[in-house]
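Q: Below is a structure I'd like to ask you about.
The values are calculated or read from the model by the stated rules, or taken from the named source; none is laboratory data. Please read all numbers here as calculations on a predicted model, not as lab measurements. Cβ: placed from backbone, ideal geometry, glycine included. Neighbour counts: every protein chain shown.
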Amino acid sequence: MARVIAVANQKGGVGKSTTTQNLGFALAETGLRVLLVDLDPQAALTVMCGAAPDGDGPGLGECLDGEAAAEEVLRRPRPRVWLLTGSARLGEVEPTLVTASAGGTRLRSALQPLRHRFDAVVIDCPPNLGMLTVNALASAGEVLVPLQLDFLALGGMKALLGTVESVRATLNPGLRVGGILGTMQRGRAVHSEEVLSRVRERFGGLVFDTVVRTSVRFPEASAGGVSILEYDGRSPGAQAYRQLAEEVLRRAPTD
(Lines give C-alpha, C1' and ligand atoms only; values in the text may rest on other atoms or scores of the structure.)
Protein backbone atom coordinates (compact mmCIF):
# COMPACT_ATOMS: atom_id res chain seq x y z
CA MET A 1 0.00 0.00 0.00
CA ALA A 2 1.18 3.52 -0.78
CA ARG A 3 2.73 5.74 1.84
CA VAL A 4 0.37 8.72 2.18
CA ILE A 5 1.74 12.16 3.09
CA ALA A 6 -0.46 15.21 3.69
CA VAL A 7 1.26 18.57 3.16
CA ALA A 8 -0.55 20.93 5.51
CA ASN A 9 -0.37 24.38 7.07
CA GLN A 10 -3.37 26.64 7.58
CA LYS A 11 -1.31 29.68 6.55
CA GLY A 12 -1.31 30.47 2.85
CA GLY A 13 1.78 31.27 0.83
CA VAL A 14 4.17 29.01 2.73
CA GLY A 15 4.97 26.65 -0.15
CA LYS A 16 2.45 23.82 0.28
CA SER A 17 1.70 23.35 -3.42
CA THR A 18 5.33 23.88 -4.36
CA THR A 19 6.40 21.29 -1.81
CA THR A 20 3.72 18.78 -2.84
CA GLN A 21 4.67 19.05 -6.50
CA ASN A 22 8.43 19.02 -6.16
CA LEU A 23 8.60 16.40 -3.41
CA GLY A 24 6.39 14.20 -5.57
CA PHE A 25 8.54 14.71 -8.65
CA ALA A 26 11.73 14.13 -6.64
CA LEU A 27 10.31 10.86 -5.30
CA ALA A 28 9.40 9.89 -8.87
CA GLU A 29 13.01 10.52 -9.90
CA THR A 30 14.03 7.75 -7.52
CA GLY A 31 11.80 5.34 -9.43
CA LEU A 32 8.68 5.48 -7.26
CA ARG A 33 5.16 5.66 -8.67
CA VAL A 34 3.69 8.84 -7.19
CA LEU A 35 0.12 10.14 -6.95
CA LEU A 36 -0.37 13.86 -6.32
CA VAL A 37 -3.72 14.91 -4.86
CA ASP A 38 -4.91 18.50 -5.26
CA LEU A 39 -7.35 19.07 -2.39
CA ASP A 40 -7.26 22.87 -2.61
CA PRO A 41 -10.21 24.63 -4.33
CA GLN A 42 -7.71 27.12 -5.76
CA ALA A 43 -6.22 24.18 -7.70
CA ALA A 44 -2.71 25.63 -7.76
CA LEU A 45 -1.11 22.19 -7.86
CA THR A 46 -3.24 21.20 -10.84
CA VAL A 47 -2.14 24.28 -12.78
CA MET A 48 1.49 23.81 -11.72
CA CYS A 49 1.38 20.33 -13.24
CA GLY A 50 0.15 21.74 -16.54
CA ALA A 51 -3.46 20.53 -16.18
CA ALA A 52 -6.67 22.55 -16.43
CA PRO A 53 -8.63 22.71 -13.15
CA ASP A 54 -11.95 22.95 -15.00
CA GLY A 55 -11.07 20.81 -17.98
CA ASP A 56 -13.06 18.00 -19.52
CA GLY A 57 -14.32 15.39 -17.10
CA PRO A 58 -14.89 15.37 -13.36
CA GLY A 59 -12.43 16.53 -10.70
CA LEU A 60 -11.78 15.67 -7.08
CA GLY A 61 -14.80 17.72 -5.97
CA GLU A 62 -17.14 15.41 -7.87
CA CYS A 63 -15.27 12.46 -6.40
CA LEU A 64 -15.83 13.61 -2.81
CA ASP A 65 -19.46 14.36 -3.62
CA GLY A 66 -20.01 10.79 -4.79
CA GLU A 67 -20.56 11.72 -8.43
CA ALA A 68 -17.37 10.14 -9.77
CA ALA A 69 -14.84 7.49 -8.85
CA ALA A 70 -11.21 8.47 -8.26
CA GLU A 71 -10.25 6.45 -11.33
CA GLU A 72 -12.29 8.86 -13.49
CA VAL A 73 -10.45 11.86 -12.02
CA LEU A 74 -6.96 10.42 -12.47
CA ARG A 75 -4.58 12.17 -14.87
CA ARG A 76 -0.99 11.30 -15.79
CA PRO A 77 0.96 14.52 -16.43
CA ARG A 78 4.38 12.80 -16.41
CA PRO A 79 5.91 9.32 -16.38
CA ARG A 80 5.67 7.86 -12.84
CA VAL A 81 3.53 10.86 -11.73
CA TRP A 82 -0.28 10.83 -11.57
CA LEU A 83 -2.65 13.59 -10.45
CA LEU A 84 -6.11 13.84 -8.95
CA THR A 85 -7.17 17.29 -10.12
CA GLY A 86 -8.61 20.02 -7.94
CA SER A 87 -11.13 22.70 -8.88
CA ALA A 88 -13.47 25.29 -7.37
CA ARG A 89 -16.02 22.49 -6.93
CA LEU A 90 -14.07 21.41 -3.83
CA GLY A 91 -15.08 24.67 -2.16
CA GLU A 92 -18.74 23.92 -2.87
CA VAL A 93 -18.49 20.39 -1.52
CA GLU A 94 -16.61 21.24 1.69
CA PRO A 95 -19.60 22.69 3.67
CA THR A 96 -21.64 19.58 2.93
CA LEU A 97 -18.98 17.36 4.51
CA VAL A 98 -19.64 18.85 7.95
CA THR A 99 -22.98 17.05 8.27
CA ALA A 100 -22.55 14.30 5.69
CA SER A 101 -22.26 10.67 6.66
CA ALA A 102 -18.55 9.84 7.02
CA GLY A 103 -17.80 13.40 5.88
CA GLY A 104 -14.34 13.32 7.41
CA THR A 105 -13.23 10.18 5.59
CA ARG A 106 -14.58 10.69 2.07
CA LEU A 107 -11.09 11.15 0.64
CA ARG A 108 -9.77 8.06 2.42
CA SER A 109 -12.58 5.99 0.90
CA ALA A 110 -11.95 7.48 -2.55
CA LEU A 111 -8.22 6.74 -2.43
CA GLN A 112 -8.54 3.20 -1.13
CA PRO A 113 -9.03 1.52 -4.55
CA LEU A 114 -5.94 3.31 -5.91
CA ARG A 115 -3.44 2.89 -3.10
CA HIS A 116 -2.07 -0.43 -4.28
CA ARG A 117 -1.05 1.18 -7.59
CA PHE A 118 1.33 3.72 -6.05
CA ASP A 119 4.37 3.85 -3.82
CA ALA A 120 3.60 7.32 -2.48
CA VAL A 121 0.59 9.62 -2.35
CA VAL A 122 1.23 13.31 -1.59
CA ILE A 123 -1.80 15.48 -0.75
CA ASP A 124 -1.84 19.27 -1.14
CA CYS A 125 -4.14 20.75 1.54
CA PRO A 126 -5.98 24.10 1.40
CA PRO A 127 -4.76 27.00 3.58
CA ASN A 128 -7.17 26.34 6.46
CA LEU A 129 -8.07 23.64 8.97
CA GLY A 130 -11.52 22.92 7.54
CA MET A 131 -13.10 19.65 6.43
CA LEU A 132 -10.92 19.24 3.36
CA THR A 133 -7.78 19.36 5.51
CA VAL A 134 -9.43 16.99 8.00
CA ASN A 135 -10.07 14.60 5.11
CA ALA A 136 -6.42 14.77 4.10
CA LEU A 137 -5.24 14.08 7.65
CA ALA A 138 -7.73 11.23 8.01
CA SER A 139 -6.30 9.68 4.82
CA ALA A 140 -2.60 10.10 5.60
CA GLY A 141 -0.05 8.18 7.59
CA GLU A 142 1.90 11.35 8.20
CA VAL A 143 1.73 15.11 7.81
CA LEU A 144 4.56 17.23 6.43
CA VAL A 145 4.42 20.86 7.55
CA PRO A 146 6.01 23.56 5.34
CA LEU A 147 6.85 26.41 7.71
CA GLN A 148 7.77 29.83 6.40
CA LEU A 149 10.82 31.04 8.30
CA ASP A 150 9.09 34.04 9.78
CA PHE A 151 8.24 34.64 13.44
CA LEU A 152 4.61 35.37 12.56
CA ALA A 153 4.32 31.90 11.00
CA LEU A 154 5.20 30.17 14.27
CA GLY A 155 1.89 31.10 15.87
CA GLY A 156 -0.11 28.81 13.62
CA MET A 157 1.80 25.68 14.58
CA LYS A 158 -0.20 25.20 17.79
CA ALA A 159 -3.52 25.20 15.92
CA LEU A 160 -2.24 22.79 13.27
CA LEU A 161 -0.80 20.36 15.80
CA GLY A 162 -4.06 20.57 17.74
CA THR A 163 -5.98 19.54 14.61
CA VAL A 164 -3.55 16.67 14.07
CA GLU A 165 -4.20 15.47 17.62
CA SER A 166 -7.96 15.75 17.13
CA VAL A 167 -7.89 13.73 13.91
CA ARG A 168 -5.62 11.17 15.54
CA ALA A 169 -8.08 10.78 18.41
CA THR A 170 -11.22 10.52 16.30
CA LEU A 171 -10.49 9.40 12.74
CA ASN A 172 -6.93 8.21 12.25
CA PRO A 173 -4.98 6.86 15.25
CA GLY A 174 -1.98 6.07 13.06
CA LEU A 175 -1.40 9.68 11.97
CA ARG A 176 1.98 11.15 12.87
CA VAL A 177 3.92 14.33 12.18
CA GLY A 178 6.43 13.25 9.57
CA GLY A 179 8.45 16.44 9.63
CA ILE A 180 8.63 20.23 9.52
CA LEU A 181 10.21 21.84 6.47
CA GLY A 182 11.67 25.33 6.65
CA THR A 183 10.63 27.25 3.53
CA MET A 184 11.10 30.67 1.96
CA GLN A 185 14.45 31.26 3.62
CA ARG A 186 15.89 34.55 2.40
CA GLY A 187 19.57 33.91 1.84
CA ARG A 188 21.51 34.48 5.02
CA ALA A 189 18.94 36.79 6.59
CA VAL A 190 19.40 36.85 10.36
CA HIS A 191 15.66 36.74 10.91
CA SER A 192 15.27 33.45 9.00
CA GLU A 193 18.19 31.90 10.85
CA GLU A 194 16.73 32.91 14.22
CA VAL A 195 13.35 31.40 13.36
CA LEU A 196 14.96 28.19 12.11
CA SER A 197 17.02 27.93 15.29
CA ARG A 198 13.95 28.42 17.45
CA VAL A 199 11.95 25.82 15.50
CA ARG A 200 14.74 23.26 15.85
CA GLU A 201 15.04 24.01 19.55
CA ARG A 202 11.30 23.50 20.02
CA PHE A 203 10.68 20.52 17.71
CA GLY A 204 14.07 18.81 17.61
CA GLY A 205 14.31 15.87 15.25
CA LEU A 206 10.97 16.63 13.61
CA VAL A 207 12.63 19.45 11.66
CA PHE A 208 14.14 18.38 8.34
CA ASP A 209 17.77 19.24 7.63
CA THR A 210 16.60 20.48 4.24
CA VAL A 211 15.72 24.17 4.03
CA VAL A 212 14.12 25.64 0.88
CA ARG A 213 15.27 29.13 -0.04
CA THR A 214 13.21 31.74 -1.83
CA SER A 215 14.00 31.79 -5.55
CA VAL A 216 12.52 33.34 -8.67
CA ARG A 217 12.93 29.91 -10.27
CA PHE A 218 9.87 28.58 -8.41
CA PRO A 219 7.27 30.99 -9.87
CA GLU A 220 8.94 30.69 -13.27
CA ALA A 221 8.56 26.90 -13.16
CA SER A 222 4.97 27.16 -11.93
CA ALA A 223 4.05 29.55 -14.75
CA GLY A 224 5.35 26.99 -17.22
CA GLY A 225 3.36 24.13 -15.68
CA VAL A 226 6.49 22.19 -14.72
CA SER A 227 8.35 21.29 -11.55
CA ILE A 228 11.56 23.03 -10.49
CA LEU A 229 13.37 19.75 -11.22
CA GLU A 230 12.27 19.95 -14.85
CA TYR A 231 12.70 23.69 -15.20
CA ASP A 232 16.19 23.98 -13.73
CA GLY A 233 17.40 20.67 -12.36
CA ARG A 234 20.72 22.09 -11.18
CA SER A 235 19.22 24.99 -9.24
CA PRO A 236 19.45 25.15 -5.43
CA GLY A 237 15.66 24.71 -5.27
CA ALA A 238 15.77 21.47 -7.26
CA GLN A 239 18.62 20.16 -5.14
CA ALA A 240 16.72 21.06 -1.96
CA TYR A 241 13.71 19.00 -2.97
CA ARG A 242 15.87 16.06 -3.97
CA GLN A 243 17.47 16.25 -0.55
CA LEU A 244 14.03 16.45 1.06
CA ALA A 245 12.94 13.33 -0.84
CA GLU A 246 15.98 11.49 0.51
CA GLU A 247 15.10 12.57 4.05
CA VAL A 248 11.48 11.55 3.64
CA LEU A 249 12.54 8.10 2.41
CA ARG A 250 14.94 7.70 5.33
CA ARG A 251 12.13 8.57 7.74
CA ALA A 252 9.78 5.95 6.35
CA PRO A 253 7.78 4.38 9.21
CA THR A 254 8.52 0.78 10.09
CA ASP A 255 6.46 -1.85 11.85
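Q: If you take the residues of segment 28-63 that are over 21 Å from Ala245 (Cα atoms) and over 18 Å from the mean Cα position of the chain (by Cα), which of them is surrounded by the fewest Cβ atoms within 10 Å (Cβ to Cβ)?
A: Looking at residues that are over 21 Å from Ala245 (Cα atoms) and over 18 Å from the mean Cα position of the chain (by Cα), I get Asp56.
Q: Suppose we filter segment 204-255 for residues that are modelled with pLDDT of 95 or more, part of a helix (DSSP H, G or I) and of a type in the set (S, T, N, Q); how many remain?
A: Residues in segment 204-255 being modelled with pLDDT of 95 or more, part of a helix (DSSP H, G or I) and of a type in the set (S, T, N, Q): 2 in total.
Q: Pairs only if they're at least six apart or on different chains, beta carbon under 7 angstrom, first in segment 61-88 and without any contact (Cβ under 8 Å) to a residue 12 or more places away in the chain, second crowded, with 20+ Cβ neighbours inside 10 Å and assigned to a strand (DSSP E or B); list them, first residue then second.
A: If the second residue must be crowded, with 20+ Cβ neighbours inside 10 Å and assigned to a strand (DSSP E or B), the pairs left are Arg76/Trp82.
Q: Then there is this: Would you kindly identify the helices (runs of 4 or more DSSP H) lying entirely within segment 104-195 that contain at least 3 residues that are within 20 Å of Gly12 (Cβ to Cβ), at pLDDT 95 or above and among the hydrophobic types (A, V, I, L, M, F, W, C)?
A: Hits in segment 104-195: 131-139.
Q: Of all residues in segment 116-161, count the ones that are in contact with an Asp or Glu (Cβ under 8 Å, 6 or more places away or on another chain) and of a type outside the set (A, V, I, L, M, F, W, C).
A: 4
Q: Which residue pairs have Cβ atoms closer than 9 Å, lie 6 or more positions apart in sequence or on different chains, and pair a first residue in segment 157-178 that is without any contact (Cβ under 8 Å) to a residue 24 or more places away in the chain and on the phi > 0 side of the Ramachandran plot with a second residue that is hydrophobic (A, V, I, L, M, F, W, C) and assigned to a helix (DSSP H, G or I)?
A: No pair meets every condition.
Q: In addition: Could you grab me the full set of residues in segment 8-24 that are crowded, with 20+ Cβ neighbours inside 10 Å and not charged (D, E, K, R)?
A: Those that are crowded, with 20+ Cβ neighbours inside 10 Å and not charged (D, E, K, R): Ala8, Asn9, Val14, Gly15, Ser17, Thr18, Thr19, Thr20, Gln21, Asn22, Leu23, Gly24.
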